[in-house]
1. On the given criteria, is Arg85 modelled with pLDDT under 85 and out of contact with any Gly (no Cβ under 8 Å at 6 or more places or on another chain)?
2. Does the range 18-36 hold any residues that are part of a helix (DSSP H, G or I) and closer than 18 Å to Arg81 by Cα, and which are they?
3. So, in the range 33-89, exactly how many residues are over 17 Å from Leu12 (Cβ atoms), under 13 Å from the mean Cα position of the chain (by Cα) and touching a residue at least 40 places away in the same chain (Cβ under 8 Å)?
4. Taking Gly23 as the residue in question, decide whether it is surrounded by 11 or more Cβ atoms within 10 Å (Cβ to Cβ) and at pLDDT below 85.
5. Counting only residues that are part of a helix (DSSP H, G or I) and β-branched (Val, Ile, Thr), which one in the range 37-65 is surrounded by the most Cβ atoms within 10 Å (Cβ to Cβ)?
Amino acid sequence: MYLSGESIVVILVVGLIAGWLAGKIVRGTGFGLIGDIAIGIVGAFIASWLLPRLGIGLGVGLIRAIINSTIGAVLLLVIIRLVRRGGRW
């Protein structure tokens with residue numbers, strides 16, 4: 001698999017936007033630049049695995065990537081919050 005410089009930049013920008021949005025949705029203040037990117041990228045992996053299995057596809061192109069990554073990042077943050085608090089919200 002070959003990733004060009006542009007595709008890496010797109011991955012990082014989508015990860016940053018998705019991580020920041022997820023932090024705001026889950027009542028957080030964000031996790032800093034690196035944290036938001038990491039959460040967004042992991043969220044993208046979660047969404048790319050989960051959403052097709054559920055038959056969900058939202059948007060087109062870059063907007064779809066941002067929406068799907070945000071959904072995955074929100075799921076990740078909710079799971080992390082539940083694990084940290086012993087199953088309580």
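The values are calculated or read from the model by the stated rules, or taken from the named source; none is laboratory data. Quantities reported herein were computed from a predicted structural model and do not represent experimental measurements. A quick note on method: Cβ atoms are made from the backbone with ideal geometry, for glycine too, and the neighbour counts reach across all protein chains shown.
1. On the way: modelled with pLDDT under 85: yes; out of contact with any Gly (no Cβ under 8 Å at 6 or more places or on another chain): yes.
Against the criterion (modelled with pLDDT under 85 and out of contact with any Gly (no Cβ under 8 Å at 6 or more places or on another chain)), Arg85 qualifies.
2. Within the range 18-36, the first condition is being part of a helix (DSSP H, G or I), and the residues that meet it are 18-25, 32-36.
Ala18, Gly19, Trp20, Leu21, Ala22, Gly23, Lys24, Ile25, Gly32, Gly35, Asp36 - these are the residues of the range 18-36 that are part of a helix (DSSP H, G or I) and closer than 18 Å to Arg81 by Cα.
3. Residues in the range 33-89 being over 17 Å from Leu12 (Cβ atoms), under 13 Å from the mean Cα position of the chain (by Cα) and touching a residue at least 40 places away in the same chain (Cβ under 8 Å): 4 in total.
4. Numbers: surrounded by 11 or more Cβ atoms within 10 Å (Cβ to Cβ): yes; at pLDDT below 85: no.
Spelling it out, it is not the case that Gly23 is surrounded by 11 or more Cβ atoms within 10 Å (Cβ to Cβ) and at pLDDT below 85.
5. Step one: filter the range 37-65 for residues part of a helix (DSSP H, G or I), giving 37-54, 61-65.
Filter once more, so that each one left must be β-branched (Val, Ile, Thr): 37, 39, 41-42, 46, 63.
Numbers: Ile37: 21, Ile39: 29, Ile41: 20, Val42: 17, Ile46: 19, Ile63: 10.
The extreme case among them is Ile39.
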